[in-house]
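Read the structure below first, then the notes.
What follows is calculated from the coordinates using simple rules that are stated; it is not laboratory data. From a predicted model like this one, the values you see are computed outputs, not experimental measurements. No Cβ is skipped: glycine too gets one built from the backbone with ideal geometry, and neighbour counts run over all protein chains shown.
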Amino acid sequence: MPSTAIINVGTLISGNIQQPILDADSILIENDKIAAIGLSDAQIKGASQIIDAVGMTLIPGLIDSHTHPAIGDYTPRLNVVGWIEHYLHGGITSMISLGELHVPGRPHDPAGVKALAILASKCYRNVPRGSVKVMGGTLILESGLVEDDFREMAKEGVRAVKFIQAIEDRAEAVQFSKWAKKHGMRVMIHCGGTSLPDVPTTNAAGIIEVQPDVLAHLNGGPTALSPADIDQLMRNTGWTVDLVRFGNPKALDQICKMVVELGAHRRVILGTDSPTGNGVEPLGMLHLITHLASLTEIKAEEALCMATGNTAKVYDLPTGLIEAGSSADVALIDAPVGSIAKDALESFTIGDSPAVGMVMIDGLLVVKRSKNTIPPQRNYKLTTH
Ligand SMILES: [Zn+2]
């Protein structure tokens, strides 16, 4: 069985917000899964491949909680061909779709949105081992869908629905949310001002009415809700808070203060909200984590868990954690060359976005060295037996 021992890890980030840093310096990967943490000499010697991390920081592969992937290469809204490959070089091994908004001529009728959700979900599920894992096929809710549609989509693998369009009949909107949950799908809702010509502005009262699971870009997309509305959603609900790189920085600051005040770290997930409109930013997740760690009271290791294990938990993904049985989707990161920081966590904390040394998906070494970040201060050593 192919196996990899990663040894001499300086800091081991778990992805688990309850215990962000693990007291161990090595992990064993067998096939596509993490098999053990903290290895004996015999386990290290028995591995078919050894990666000496020379003190670098090992993290679960980042999960971008907010993306808009396309299908195929023709995307008239924006030229967004090949961006997922670049995000991989920013340490991202998984991403969540909040709707395939770039599909040319995207349908708005019930049959069309349903077909697109099923197609996108299946297309992204069928990618080869070692590809970035996209949870695609989030249904954009449209008036006229019936419960059988939700049942069929759930059966075919659609795992989430999103409110962005004006569903004028509020009773229908509330019903959609209930049907989605009944059939095991997550309910996401656009928070804040309109971001597309045909998307309405939302407010806290309208959001609370439909009882979502995920407050998508609560810090704005990029126009944010009012501070009073944000306050209400933070204090009076326990819903997942999706914070995005391309949001409103003032709202981000308000929410981070409230997360610390309320001890609501486990509710937060991090994403980019790209490429729609905002463009492609391969290092967007690293920059957002750096923002949180350097300018708010949230610690770097906590922000890393928000960007990994928290998101995996919300969407039931078998990744995002350094623990036995989890998918071997990991990255080695370090302070970048030229930084006064001595390791990745210090680098985040002082505001220098760290360097990505290598990235593994399903135990396969898919990025040997990031082409997007500044080089790391240390270089890992790979030995194959
Ligand atoms: Zn979005």
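Points to keep in mind about this one:
- Normalised contact order of region 62-314, rounded percent, pairs of Cα under 8 Å and 6 or more residues apart: 20
- Rounded to the nearest 5, the antiparallel percentage of DSSP beta bridges internal to the chain is 50%.
- Dipole moment magnitude, nearest 20 debye, the chain about Cα centre, only Lys, Arg, Asp, Glu C-beta charged: 440
- Cα centroid separation, region 359-379 to region 249-263 (Å): 32
- Flagged links, alpha-carbon separation over 18 Å, of 133/381; 133/371; 162/182; 162/257; 33/133: 133/381; 133/371; 162/257
- Residue order, fewest to most surrounding Cβ atoms within 10 angstrom, among 235, 267, 245: 235, 267, 245
- Net charge of Cβ neighbours under 15 Å - reference residue 229; Lys, Arg +1; Asp, Glu -1: 0
- 0 to 90° range, to nearest 10: angle between helix 249-262 axis and the chain longest Cα axis: 80
- Residues 178, 299, sorted so that the one with the fewest Cβ neighbours within 10 Å comes first: 178, 299
- Residue-wise HN-Hα couplings along region 93-99, as the Karplus relation 6.51 cos²θ - 1.76 cosθ + 1.60 with θ = phi - 60° gives them from phi, are 10, 9, 8, 10, 7, 9, x Hz; Gly and Pro carry x.
- Dmax and Rg, reported as Rg then Dmax, of the chain (C-alpha, Å): 20.5, 65
- Between residue 357 and 332, 333, 334, the built amide H atoms are under 5 Å apart, and every one of these is 5 or more places off in sequence or on another chain.
- Helix axis angle, 284-295 relative to the chain longest principal axis, alpha carbon, degrees: 80
- Ordered by the number of other Cβ atoms lying within 10 Å of each residue's own Cβ, fewest first, 189, 207 fall into the sequence 207, 189.
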